[in-house]
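One structure is given below, encoded as structure tokens.
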Amino acid sequence: MSGIPIFTAAHVERAVSPSRAVDAVRDAFVEYTAGRWTMPPKVYVTNYPAGDFRAMPALGGGYALLKWINSFPGNPALGLPTVSGVVLLSDAESGQLRALLDAGSVTALRTGAAAVLAAEVLGRPGGTAAVIGAGVNGRATARTFVTRGRDVVLWDVDAARAAAAARELGCRVAASLEEALGADLVATVTPGHTTVIGDRTLRPGQHVSLIGADGPGKAEATNAALLQGRLFCDDWEQASHGGELAHVVDAGLVGPGDVTAIGDVLAGNAEGRSAADDITLFDSTGLAIQDLAIALAAFEAADELDDLQRLEL
């Protein structure tokens, strides 16, 4: 069929299941660690206090990707999504555009996949799971946990939003933030403007995937909380400058030798959890290689979607 397929959010979600997203993101981390996939630094174009734009390129698997996405926190009050944008997937040999995809759905899938993948790799087997934050990416994370067979509790500052998400996903609403923070596996998926993990919140054996701090000034955990555990990240350069780790790095409390890339753990080059009582913390800043993995998975399923619109350039 001729033309460039256009994947709406609904098409992306139909093409790539949460479990397929976990597998794709796992493979992307390994390929990136091995140097077979590459990713130039993310570029921010800021218009604060309104919001910012982000250009995220990647190359791998015979394809090149550019995600042009934005984050405008005030948009919900205007009836608009906080995050929107487009993903362009091109043939790396000819340069020809192969697909256009909704960026928000790609982002949600890979965000949930990374959070849950880290929890499965670094957390203790079994146990309870909690997601703090019931926005788009929080729901994607909870959905991924549920798909992987976990019982999940949700908590959000907006109780109605948490209840609606729980009904949609088959989860339970936590009675309090403290209850959610007591789970064995915790994913914090908040805007990152207020810390939710305090100095003495974490207990031995817990794993936390920290998702919300994806830019300067954001944090979901205090410095003291981060220093309680073993630290992991998706990418040191990105995390140390704009992720959860940026604050302890700026304070001189943590350096590159103190943090392990999740790709190294997945590739068998580094140790993950070493003891049952370890507290493990994963700083997820979101990588273009993850977007590439989801885009490729969706593109591979294009022939199965009979209602895709196609663009002729």
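Each reported figure results from applying straightforward, stated rules to the coordinates on display, with no laboratory input. It should be emphasised that the depicted structure is a prediction, and the values quoted were computed from it without experimental measurement. Backbone-built Cβ (ideal geometry, glycine too); neighbour counts: all protein chains shown.
Side notes on the structure shown:
- Restricting the range 275-313 to GluC sites (Glu not before Pro) in coil, as DSSP defines it, with at most 10 other Cβ within 10 Å: Glu312
- Where a label projected 7 Å from the Cα of Leu66 along Cα→Cβ would reach, residues of the range 14-49 with amide N under 13 Å: 43
- Counting charges near Thr260 (Lys, Arg +1; Asp, Glu -1) among other residues having Cβ under 9 Å from its Cβ returns a value of -2.
- For the range 95-160: rounded, prolate or oblate by the Cα gyration tensor [a/c cutoff 1.5]: oblate
- Ala50-Glu300 pseudo-label distance in nm [points 7 Å out on the Cα-to-Cβ vector]: 4.0 nm
- Its Cα centre serving as origin, the range 150-257 has a Cβ charge dipole (Lys and Arg +1, Asp and Glu -1) of approximately 280 debye.
- In the range 115-221, GluC sites (Glu not before Pro) in a DSSP loop with at most 15 other beta-carbon atoms within 10 Å: none
- Listing Asp291, Asp52 from fewest to most neighbouring C-beta atoms within 10 Å gives Asp52, Asp291.
- Total formal charge among the other residues, if their Cβ is under 15 angstrom from that of Ile6, Lys/Arg +1 and Asp/Glu -1: -3
- Order of Ile262, Ile69 under a 10 Å beta carbon neighbour criterion, fewest first: Ile69, Ile262
- Arranged from fewest to most other beta-carbon atoms within 10 Å of their beta carbon, Leu281, Leu177 become Leu177, Leu281.
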